[in-house]
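> Got a structure for you, written out below as structure tokens; questions coming shortly.
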Amino acid sequence: MMNVLGVLVPIFGLILIGWFLKRIRLLNDWLVGAINNYVYYIGISVITFISLHDTSTSVLLDPGIYILNLVPMLLTAGIAYVVAKMLKLPKDMSAVFIVCAFYGNTGYIGFPLNVFVQGKSSLNTAAFISTLYTIVVFTLGVYILRRNTSEPVEAGKLHKLPIIWAALLGILLSWLTIPELVRMPLELISDSTSPLALLATGAMAEGAALKADLKNIGILSAIKLALAPALVAFTGLLLGSTGVIYKTSLLEAATPVAVTNSVLASQFKMREEFASHAVIISTALFAISLAIILTFI
């Protein structure tokens, strides 16, 4: 029980602090935007670069890490498609529903979650898995959204994402030793990213109107928070997976709906409010689902 609280309290404590600071206006919209830009464009990119630079080739070439993450991700998307059909959702909402179901907050919440559960050494694996999720959402996810919108095709281009370039640079430069004078400031940026990401998550939730489609968001949250990690656990059982790769894959799959989904929905002008409410509600429910998952790992 203490181990579970040791993870839940710092993560949700920082989220609540972010919510409170925004509530009392110590964090205004401009500052929240600046923190978000720092975390997304600098912090997560730096973590990804360092982590993939330091990740051994044996991990990058391990087929198990791809199977453990890509197969459950695609199965989740397929199940979400079937459920959306059963719910008779409109085409645009169905597209957003599917993307929200398989793409979780693997960076803002996934990185600090893995650090609290497994230690900082797990960031290497978490960054690589998060990059896999990002590639899928900006290929398959964007394709799903694009088929159901009249927005121009240039929206959501993969090559414009800093995390993709950071990942490529990290892998390509892995044979070079990073000088200590360069690594030290990069490590400081890395250390600052997780708490700021959690504060920003809480701040973005403050003031959001929750006149939401609770039925469909509840079903979506069940798929994202319960089904997605269950599929990873089942795949891991079939593969006989254990250790850091398995635990990190499970924790990343368990994260709530990603903020990026509401950004994509906004780009394609498709049910942005639904996506935003899904982020907030699934993040609140994540406290319950995470407590359950932590008792089994």
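> Roughly speaking, what is the stretch gain from V263 to W30, that is 0.36 nm per residue apart minus the C-alpha to C-alpha distance, in nm to one decimal?
Contour length minus the Cα-Cα distance gives 82.2 nm.
> Tabulate in residue order the Karplus-calculated ³J(HN,Hα) for the range 232-246, using 6.51 cos²θ - 1.76 cosθ + 1.60 with θ = phi - 60°, rounded to whole Hz; enter x for Gly and Pro.
5, 4, 5, 4, x, 5, 5, 7, x, 7, 9, x, 4, 4, 5
> Also: Using a 7 Å offset from the Cα along the Cα-to-Cβ direction at both L238 and I67, what is the distance between the two label points in nm, to one decimal?
Inter-label distance under the simple model: 0.9 nm.
> Okay, next question. Sort W19, W165 from largest to smallest accessible area, using a 1.4 Å probe on the heavy atoms of the protein chains. Each step should come with its number before you reach the end.
Details: W19 100, W165 140 Å².
Accessible-area ranking of W19, W165, largest first: W165, W19.
> Now a separate question. Using the Cα atoms of the chain to build a convex hull, what is its mean projected area in square nanometres?
So the Cα hull casts an average projection of 15.3 nm².
> May I pose another question? So for the pair Y143, E187, with labels modelled 7 Å out along Cα→Cβ, what separation do we get in nm?
Simple spin-label model gives 4.2 nm for this pair.
> For a 31 Å ceiling on Cα separation, which of these pairs sit above it: K91/K160; K247/K269; K215/K269; K91/K120; K120/K224; K22/K91?
Going by Cα-Cα distance, K247/K269; K91/K120; K22/K91 fall outside the 31 Å limit.
> Would you mind listing how long the range 1-127 runs along its three principal axes, going by Cα atoms, in whole Å with the largest first?
The Cα atoms of the range 1-127 stretch 44, 42, 36 Å along the principal axes, largest first.
> Round to a whole number: what % of the accessible area of the chain belongs to carbon and sulfur, probe 1.4 Å?
Carbon and sulfur atoms account for 70 percent of the accessible area of the chain.
> Kirkwood hydrodynamic radius (Cα pairs, Å) of the range 28-89?
15.2 Å is the Kirkwood radius here.
> At 0.36 nm per residue, and after removing the present C-alpha to C-alpha distance, how many nm does the segment from L173 to R23 gain when stretched out fully?
49.7 nm
> Quick check for you: with a 1.4 Å probe and neighbouring chains kept, what is the accessible area per residue of the chain, in Å²? Show your work: numbers first, answer last.
Values: 13700 Å² over 297 residues.
Value returned for the chain: 46 Å² of accessible area per residue.
The values are calculated or read from the model by the stated rules, or taken from the named source; none is laboratory data. Predicted, not measured: the structure shown is a model, and the values here were computed from it. FYI the Cβ positions are ideal-geometry reconstructions off the backbone, even for glycines, and counts take in every protein chain you see. For the accessible areas, the whole protein counts, side chains as well, though only heavy atoms, and no ligand, DNA or RNA atoms are used. Shrake-Rupley method; radii C 1.70, N 1.55, O 1.52, S 1.80 Å.
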